[in-house]
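Below is one structure, written out as structure tokens; the observations come after it.
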Amino acid sequence: MMTTTISDWFTVDRVGLAKKLARKPKQFVVVELMQNAWDAPGVTEVIFDCGFERGLVNISIRDNSPKGFDKLEHAYTLFAPSIKEKDFLARGRFNSGEKFVFSICKSARVETTSGTLVFDSSGRTELTDRLEVGSLITCSIPASRREYKKMLSTAERLIVPRGIKTIVNGTLLQPRIPEQTFPAILKTEAANEAGELKSQKRQTEVSIYTPKGNEGGWVYEMGIPIVATGDKWDYDVGQKIPVTMDREALTKPGFLPSLRLAVFNAAYARLDAEDCNQPWVHAAVESKKSNPAAVQHYMEKRFSTARVSYDPSDREANKLAVSKGFEIVHGNMLSRQAWERVKEVEAILPAGKVTPSPKPFTPGAPPYRLLDDPSPEMLRVKAYAVNLAREVIGCEVSVIFADDPKWFPLAVYGPSRDLILNVGRLGRKWFSLAAPESENRDRINRLLIHEWGHHYELDHLSSEYHEALCKIGAKLAEVVAAGKLPPL
Ligand SMILES: Nc1ncnc2c1ncn2[C@@H]1O[C@H](COP(=O)(O)OP(=O)(O)OP(=O)(O)O)[C@@H](O)[C@H]1O
Ligand SMILES: [Mg+2]
């Protein structure tokens, strides 16, 4: 029996590959060729020309890397160990991009320092012609005029790396000026000793740019656009990022959120109110790693500098907050995770902390001092208050005299049915009916009506409290008309 063994397991069907790539927008050729030229060791100048003629896009790209191709056969070998795969600062790693480009070409040619390769209808031909420096790739791609225009606009979107003069159709691509550059630790990938691509975290620099056109931002890998995000900025990451082999998507779902978080933490001061309503910003705020100053900024832009969270434990505090110009942030205005974070970094406090309602019996507060020797005038007010309560709120109250000038309020009436009058703050004169008599009587009555209102409702700013005061007023008018109330 005859057996035939071929060392290679696979063969690539080039035309088949081209057909699979038909779903990929053709502008990918610009990205792949530019990526290779910018990666070429020691390159300082790249000249890219692209024209359209009778259904063909003709491209030539030339660089001045002193070395040129490391291995000429890599121009036609898929997936060979790429010399760039271990280098975090080179864009190439799969050793496939250029082959993908060539597969959709009618013809292509590679000229470099080690020789020349021609790909055309008759196959692949190697010539001995060499360039002194650099490489020149030329190719013709069947394409429409629309596809050609897309290629040109892709070239314009590139972010030219520092130190590489890049000329597109005779025009120097102007280096784009970043709005900000900052360090960030992000997932990257590179080949290990065994040549296997592995991901790891590494510190790099991220630059943010105002996007070109009006479709929003993209994520870039060292100047090469990879995926559109629609965000406020283009993000250019200064090292390899986890990309799919077709350079169209990110392989790690957590990469973009981490990148956006780094942007939020560093560039938050540039976000206005509208930006702070974008989902990517909400997501950054929710992170446990969000910068407290950035979270503060977000809350200021989304709400206002004067803001409190709705406090169900102190309803009056919420109303006091509004009356003092605070904006109340309700539960449904932030996600659960955002609430956790804004509370953690104290970017908002509950109304009960900022504008607390008066609470004389706060737990832990010092006990108030009692007055030992109430004067006859005080005892007269006491008797009047007891009578008044009996008539207008229909209950027996006790009156206690406190003597606490420091913390205790002027007067308190609570559910225990004790009225505490704080002589320490009211002053002894308050109880005197000596001239100007009517003024003091007026004050005493007003304070008692206020306190009896709390028999029905504690919250001063509620409609229930308002209703209670009306009820007491009406009752008082009746009691006085019936002559039931002994005068003070
Ligand atoms: N302009 C160039 N200058 C020097 N070497 C080049 C150039 N273009 C291509 N090469 C060489 O050809 C190889 C194949 O390029 P190809 O784009 O297919 O793979 P890659 O850049 O290594 O990886 P990727 O598939 O991620 O782009 C590269 O690894 C590089 O060694
Ligand atoms: Mg490449």
Original post:
Any idea which of (1) over 28 Å from ALA80 (Cα atoms); (2) over 29 Å from the mean Cα position of the chain (by Cα) is the one THR138 doesn't satisfy?
Top reply: (1)
**OP:** Looking only at the stretch 261-280, count how many residues are more than 11 Å from the chain's Cα centre (by Cα) and part of a loop (DSSP other than H, G, I, E, B).
**Re:** 3
Original post:
If only one of SER313, SER258, SER304 is part of a helix (DSSP H, G or I) and surrounded by fewer than 21 Cβ atoms within 10 Å (Cβ to Cβ), which one is it?
Top reply: SER258
Subject >> Failed condition for MET222, given (1) in contact (Cβ under 8 Å) with a residue 24 or more places away in the chain; (2) within 17 Å of the chain's Cα centre (by Cα) >> reply: (2)
Subject >> Some residue of the stretch 52-59 being more than 20 Å from GLN174 (Cα to Cα), free of Cβ contacts under 8 Å to residues at least 12 places away in the same chain and among the basic types (Lys, Arg) >> reply: yes
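Could you say which residue among VAL243, VAL322, VAL281, VAL329 is in contact with a strand residue (DSSP E or B) (Cβ under 8 Å, 6 or more places away or on another chain) and closer than 28 Å to THR154 by Cα? Before the answer, list the steps.
Numbers: VAL322 fails: closer than 28 Å to THR154 by Cα; VAL281 fails: in contact with a strand residue (DSSP E or B) (Cβ under 8 Å, 6 or more places away or on another chain); VAL329 fails: closer than 28 Å to THR154 by Cα.
Result of the check over VAL243, VAL322, VAL281, VAL329: VAL243.
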Subject >> Residue list for the stretch 8-29, filter: without any contact (Cβ under 8 Å) to a residue 12 or more places away in the chain and within 16 Å of ligand 1 (Cβ to nearest atom) >> reply: LYS20
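Of the residues in the stretch 57-72, how many are more than 8 Å from ligand 1 (Cβ to nearest atom), under 13 Å from ARG109 (Cα atoms) and not polar (S, T, N, Q)?
Start the filter on the stretch 57-72 by keeping residues that are more than 8 Å from ligand 1 (Cβ to nearest atom), which leaves 57-60, 62, 64, 66, 72.
From what's left, under 13 Å from ARG109 (Cα atoms): 58-60, 62, 72.
Remaining after also requiring not polar (S, T, N, Q): 59, 62, 72.
Residues that pass the stated criteria total 3.
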Original post:
What's the number of the condition LYS288 fails, among (1) at pLDDT 95 or above; (2) surrounded by 14 or more Cβ atoms within 10 Å (Cβ to Cβ)?
Top reply: (2)
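In the stretch 1-116, which strands (runs of 3 or more DSSP E) lie fully inside it and hold 1 or more residues that are within 12 Å of ligand 2 (Cβ to nearest atom), in contact with a Phe, Trp or Tyr (Cβ under 8 Å, 6 or more places away or on another chain) and over 24 Å from MET245 (Cβ atoms)? If you could, list the steps in order and put the result at the bottom.
Working: elements: 45-53, 56-63, 107-112.
The strands (runs of 3 or more DSSP E) meeting that bar number zero.
Within the group GLY453, GLY414, which residue is among the small types (Gly, Ala, Ser), in contact with a His (Cβ under 8 Å, 6 or more places away or on another chain) and closer than 25 Å to MET378 by Cβ?
Working: GLY453 fails: in contact with a His (Cβ under 8 Å, 6 or more places away or on another chain).
Criteria check complete, one pass: GLY414.
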**OP:** Hey, can you tell me all the residues within the stretch 282-312 that are of a type in the set (S, T, N, Q) and out of contact with any helix residue (DSSP H, G or I) (no Cβ under 6 Å at 6 or more places or on another chain)?
**Re:** GLN296, SER304, THR305, SER309
Original post:
What are the residues in the stretch 158-210 that are within 30 Å of CYS50 (Cβ to Cβ), assigned to a loop (DSSP other than H, G, I, E, B) and hydrophobic (A, V, I, L, M, F, W, C), if any?
Top reply: LEU158, ILE159, VAL160, ILE164, LEU173, ILE177
Subject >> Residue that is nearest to ligand 1 (Cβ to nearest atom) [pool: residues in the stretch 30-49 that are over 13 Å from SER135 (Cβ atoms) and in contact with a helix residue (DSSP H, G or I) (Cβ under 6 Å, 6 or more places away or on another chain)] >> reply: GLU32
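Across the stretch 167-198, what is the number of residues that are of a type in the set (Gly, Ala, Ser), at pLDDT 95 or above and over 21 Å from the mean Cα position of the chain (by Cα)? Before the answer, list the steps.
Filtering the stretch 167-198 down to residues of a type in the set (Gly, Ala, Ser) leaves 170, 184, 190-191, 194-195.
Narrowing further to those that are at pLDDT 95 or above: 170, 184, 190-191.
Cutting the leftovers down to over 21 Å from the mean Cα position of the chain (by Cα) gives us 170, 190-191.
Residues meeting the conditions: 3.
The values are calculated or read from the model by the stated rules, or taken from the named source; none is laboratory data. On a predicted model such as this, the values are computed, not experimentally measured, just so you know. Here the Cβ is made from the backbone with ideal geometry for all residues, glycine too, and neighbour counts use every protein chain on show.
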